[in-house]
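Here is the structure we will look at, set down as structure tokens.
The values are calculated or read from the model by the stated rules, or taken from the named source; none is laboratory data. Computed from a predicted structure; not experimentally measured. FYI the Cβ positions are ideal-geometry reconstructions off the backbone, even for glycines, and counts take in every protein chain you see. Side chains are part of the model used for accessible areas, which takes the heavy atoms of the whole protein and leaves out ligands, DNA and RNA. Shrake-Rupley method; radii C 1.70, N 1.55, O 1.52, S 1.80 Å.
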Amino acid sequence: MNIKLEDLKNIYFRTYKIRQTEEEIAKRYKEQEMRCPTHLSIGQELVPSIYAEFVNNEDYAVSTHRAHAHYLAKGGDINSMIAEIYGKKTGCCEGLGGSMHLIDKKVGFMGSTAIVGGTIPLGVGLALSIQIKNEKRISTVFLGDGATEEGVFYESLNFAALKGLPVLFICENNLYSVYSNLEVRQPKNRKIYELAKAIGVSSSYANGYEIEESYIKLKEAISFVKNERKPFFIELDTYRFREHCGPNFDNDIGYRPISEYEEFLNKDPLVKLRNHLLKTNLKDEILLKEEQINKEINEAFLFAKNSPWPEYNELNSYLFKEAL
Ligand SMILES: Cc1ncc(C[n+]2csc(CCOP(=O)(O)OP(=O)(O)O)c2C)c(N)n1
């Protein structure tokens, strides 16, 4: 592969950490201690893992209901994330938000919401603030293919193009919006990234299961926003292995063909990356690091379980920000 080994290792460890964290959530979900809905990214981890190679803590990012991968890739604190999912006071929203409301300002992860498309204008607004303050950082909006059907998507891209804002839109196209395939939601042969181009936002496409292609295209996209200080839209194909919301597999309900699911499962980039790295002379290092990551994840669950609940009377505490 035409990617430096050091970078490849970083990408793999990030992908592994996200996958294992979510596998652990799935495993423990039936204990009924996590009482909020959770949308897992299992199968979709490669794109945020590569993205993280080219941004730093100064750069902003916002995300969707499927936010765990983006939060962790951006360097978000895992203890705060798991505690948030457990509804604990030590969570990143003090336990009042749950899985879909993740935030870690220390690493520039500025939030996620359950409203499809809801964070698109927030990411554009962050880019406007960067422009006004003449800062070097960029803003990133993670969105799904379903969010491109919301009116706010068009308004936000239009505004970003008009003002020339340093914002990167990363559209993870996993083909589905809940149980509806793209084919029943958008006209045949429409390419989402071409739609962005028509609005005036430069754009590109990559197969999000091809490691090298995604690396090159994401690098180009981020360099463009960093250097040109203009918006860019990148669409990457991906796939989720589990149900839309929850820890289970839902292929039995018939909304997607098993053959399609198996096709993506067979080309799982995490497995591909791991096999590739195990063939190098770094096998011991890889296995040791995986063990460390597993330990970090287990400790995050212990931290969450042992953390206190928020007080009942704190329920309304964060509805309004106090006037300055
Ligand atoms: C404004 C709005 N409409 C509908 C919903 C219900 N809903 C939640 S997730 C989702 C699917 C979104 O699909 P996509 O943006 O492709 O993201 P994915 O779930 O595939 O990651 C829908 C329709 C919602 N939360 N908000």
message: I need the full set of residues from segment 38-67 which are in contact with a strand residue (DSSP E or B) (Cβ under 8 Å, 6 or more places away or on another chain), away from the ligand (no atom under 16 Å from the Cβ) and of a type in the set (Val, Ile, Thr), in order please.
response: VAL55
query: Only one of (1) in contact (Cβ under 8 Å) with a residue 40 or more places away in the chain; (2) under 25 Å from LYS283 (Cα atoms) fails for GLU23. Which number is that?
result: (1)
- line: Taking segment 274-323 and keeping only residues that are modelled with pLDDT of 95 or more, in a loop (DSSP other than H, G, I, E, B) and small (Gly, Ala, Ser), one is left with SER307
task: Could you look through segment 28-81, keep only residues that are part of a loop (DSSP other than H, G, I, E, B) and either modelled with pLDDT under 95 or in contact with a Cys (Cβ under 6 Å, 6 or more places away or on another chain) (or both), and pick out the one that is least open to solvent (accessible area, probe 1.4 Å)?
output: HIS39
query: Only one of (1) more than 15 Å from the ligand (Cβ to nearest atom); (2) assigned to a helix (DSSP H, G or I) fails for PRO187. Which number is that?
result: (2)
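Does LEU168 satisfy being assigned to a loop (DSSP other than H, G, I, E, B), more than 10 Å from the ligand (Cβ to nearest atom) and in contact with a strand residue (DSSP E or B) (Cβ under 9 Å, 6 or more places away or on another chain)?
Judged against the criteria, LEU168 is not a match.
Do the conditions hold for GLU322, that is, is it among the acidic types (Asp, Glu), open to solvent by 70 Å² or more (accessible area, probe 1.4 Å) and within 30 Å of LEU157 (Cα to Cα)?
no
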Subset of segment 130-163 (residues that are more than 14 Å from the ligand (Cβ to nearest atom), farther than 17 Å from PHE232 by Cα and not β-branched (Val, Ile, Thr)): LYS133, ASN134, GLU135
message: Could you check segment 233-253 and list, in sequence order, the residues that are more than 17 Å from the chain's Cα centre (by Cα) and either among the hydrophobic types (A, V, I, L, M, F, W, C) or part of a helix (DSSP H, G or I) (or both)?
response: PHE249, ASN251, ASP252, ILE253
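Just checking, which of TYR16, TYR51, TYR86 is touching a residue at least 12 places away in the same chain (Cβ under 8 Å), out of contact with any Gly (no Cβ under 7 Å at 6 or more places or on another chain) and closer than 30 Å to ASN227 by Cα?
TYR51 is the lone residue from the list that is touching a residue at least 12 places away in the same chain (Cβ under 8 Å), out of contact with any Gly (no Cβ under 7 Å at 6 or more places or on another chain) and closer than 30 Å to ASN227 by Cα.
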Matching residues, segment 145-156, being surrounded by fewer than 20 Cβ atoms within 10 Å (Cβ to Cβ), acidic (Asp, Glu) and in contact with a helix residue (DSSP H, G or I) (Cβ under 9 Å, 6 or more places away or on another chain): GLU150, GLU155
- prompt: Filtering segment 123-144 down to residues that are assigned to a helix (DSSP H, G or I) and aliphatic (A, V, I, L, M), which residue is surrounded by the most Cβ atoms within 10 Å (Cβ to Cβ)?
  reply: ALA127
task: Write out, first by first residue and then by second, each pair whose Cβ atoms fall under 7 Å of each other, whose residues are 6+ apart or on separate chains, and whose first residue, in segment 269-297, is farther than 23 Å from SER41 by Cβ while the second is open to solvent by less than 40 Å² (accessible area, probe 1.4 Å).
output: LEU278/ILE286
message: Of everything in segment 157-177, what is more than 20 Å from VAL47 (Cβ to Cβ) and open to solvent by 10 Å² or more (accessible area, probe 1.4 Å)? Give them in sequence order.
response: ASN158, PHE159, ALA161, LEU162, LYS163, GLY164
query: What's the number of the condition ARG256 fails, among (1) without any contact (Cβ under 8 Å) to a residue 12 or more places away in the chain; (2) assigned to a loop (DSSP other than H, G, I, E, B); (3) over 22 Å from the mean Cα position of the chain (by Cα)?
result: (1)
